[in-house]
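Have a look at the structure below, then the notes.
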Amino acid sequence: MASADICKLVEDVKKEMDYYRGIEFDYAPTDDLFNEYAVESRFDIKETIFVKRMLQTVLPERLRNTISSNLFEKYVGVSEEQLAYELYMTEEQIRTMKRHGMFIGLHGYDHYWLGKLPKEQMKKDLDKALDTLDEFIDRKHWVMNYPYGSYNQDVLDYIKMKGACVGFTTEVKIADICMDAALELPRLDCNDFPPKSENYKLYDI
């Protein structure tokens, strides 16, 4: 999204949705989906939210992957493999961070909206994430960061059973560890602090 004009990107997402509708996939009319999901958030304009929601959770997963790959090739101009190599950490870099005092938390494996997944798929995603980060976490006392802030009671029950001791939501406020549930702690986003903003001043720290 950082490589695209958002208005052009929205139009391309809509074109892709219209193209694939009825071929293999069935979903609501594009304009209806835009009206439902294009809702401005505290960080993004409505057009950005529309693109994010369509490609994160609303459209069928296989179609999301297809459209994302098509638009990635058009707007980014490098292979997904090359970008991943440049953008994401290697295992050795994670080891270095941990060695120097950084704490490694869990964020799911495929970055799904966990609260919207079927129960068994949710479990498999979390199990795969735990196995992937096994070297870097304590399997009996680990921390969960819910992707997109999405979770439900099934997620809470499962991560507790698997050893999670703390969970961070996207609720915006200062956590009270005496009052807030350990697996549902609120927090301030990094965008609430300088240089992005001074929203942290709105809260009693």
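Before moving on, here are some points about what is shown:
- With at most 12 neighbouring Cβ atoms within 10 Å, loop GluC sites (Glu not before Pro) (DSSP) excluded, longest segment of the chain: 41-197
- Additional length obtainable on full extension of the chain from Glu171 to Asp204, 0.36 nm per residue less Cα span: 10.4 nm
- The stretch between Gln153 and Ile23, if pulled fully straight at 0.36 nm per residue, gains 43.2 nm over its current Cα-Cα span.
- With all protein chains kept in place, the per residue accessible area of the chain amounts to 64 square angstrom at a probe of 1.4 angstrom.
- Our compactness index for region 64-205, the C-alpha radius of gyration over the empirical 2.2 N^0.38 Å, is 1.19.
- Spacing of the two label points (7 Å from each Cα toward its C-beta) at Asp189 and His100, in nm: 2.7
- Set of aspartates and glutamates with alpha-carbon distance to Lys124 below 20 Å, sequence-local pairs under 8 removed: Glu61, Asp110, Asp134, Glu135, Asp138, Asp154, Asp157
- Here is how the number arises for the chain: DSSP H runs of 4 or more residues each give -39500 (n - 2.57), the sum is divided by the residue count, and the result at 222 nm is -12500 deg cm²/dmol.
- When the residues Tyr148, Tyr19 are ordered by accessible surface, computed with a 1.4 Å probe over the protein chains alone, the sequence from largest down reads Tyr19, Tyr148.
- Most fluctuating residue given options Gly101, Gly77, Gly149, as computed from a GNM of the chain linking Cα atoms under 10 Å: Gly101
- Residue-level accessible surface for Asp26, protein heavy atoms, 1.4 Å, Å²: 140
- Translational diffusion of region 15-109, µm² s⁻¹ [Kirkwood Rh, Cα pairs; Stokes-Einstein; 20 °C; 1.002 mPa s]: 133
- Folded to 0 to 90 degrees: helix 6-20 orientation relative to the chain principal axis, Cα: 70
The values are calculated or read from the model by the stated rules, or taken from the named source; none is laboratory data. On a predicted model such as this, the values are computed, not experimentally measured, just so you know. Here Cβ is always computed from backbone atoms with ideal geometry, including for glycine, and neighbour counts include all displayed protein chains. Accessible surface is based on the protein model in full, side chains and every heavy atom, while ligands, DNA and RNA are left aside. Shrake-Rupley method; radii C 1.70, N 1.55, O 1.52, S 1.80 Å.
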